[in-house]
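Have a look at the structure below, then the notes.
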Amino acid sequence: MKRFYPLLTFSLLLLYGCNSDTDDVDAKVNATLTFSHYWDQTSITNSEFNTLNFTNDHGELMSIERLRYLISDITFTKIDGRTILLEGYNLVDVTNQTNLSYTPSQKIAKGTYSNVSLIFGLVNEKNTDGIYSDLNAASWNVPMMLGGGYHYMQLDGKFINSSNETQG
């Protein structure tokens, strides 16, 4: 009988004291996206801005003075095809090195996903002046004759024109 109690105690501890693998099935985690930027497979940061050190596909020398873009509606696709839409947006500003990493407030189920996609900019129904106070403060400077609203990317810089002069 003395041997039975330690065996019973050990069995009960083993049975009730261990976590089962199914505990993780309902676990929610934060997803973080980190944005990197490349020109012809060379990593770039704002330290390379404001100098004519990039060559476009037409062979023209150009600079980047401002680069920022808006991403929204991140969608995670599970292996079985179901999707999880994380609404919200992030204004990535490479010029000022802000929001280069984004963690949406909504958590997703822990697991394996076959695809992650996102919208550059906003879908038409959400692309309306005056709705997003933080984007209003960012001042996109897009004239109304070009559509106003929030555009998905702003790339400002200079290039060498046909007269061999630097032009904006």
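The values are calculated or read from the model by the stated rules, or taken from the named source; none is laboratory data. Bear in mind the structure is a predicted one, so any value in this text is a computation, not a measurement. Virtual Cβ from ideal backbone geometry, glycine too; neighbours counted across all protein chains shown. Note: accessible area is taken over every heavy atom of the protein model, side chains too, but ligands, DNA and RNA are not part of it. Shrake-Rupley method; radii C 1.70, N 1.55, O 1.52, S 1.80 Å.
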Item to check | Inter-probe distance in nm under a simple model that places probes 7 Å from Cα toward Cβ, at Ala31 and Arg82 | outcome: 1.4 nm
Item to check | Charge sum, other residues only, whose C-beta stays under 14 Å from Tyr152's C-beta, Lys/Arg counted +1 and Asp/Glu -1 | outcome: 0
Checklist outcome for this item: Each label sits 7 Å from Cα toward the beta-carbon; between Thr45 and Leu61 the label points are separated, in nm, by 2.5 nm
Checklist outcome for this item: The answer for the net charge of residues other than Leu67 whose Cβ lies under 13 angstrom from its Cβ, with Lys and Arg +1 and Asp and Glu -1, is -2
Item to check | Segment Ser105-Ile119, length gained on full extension (0.36 nm per residue, minus Cα span) | outcome: 3.3 nm
Checklist entry - Cβ under 15 Å from Asn164's Cβ, Asn164 left aside: what net charge do those residues give with Lys, Arg +1 and Asp, Glu -1? => result -1
Item to check | Accessible area, probe 1.4 Å, largest first, for residues Leu70, Leu85 | outcome: Leu85, Leu70
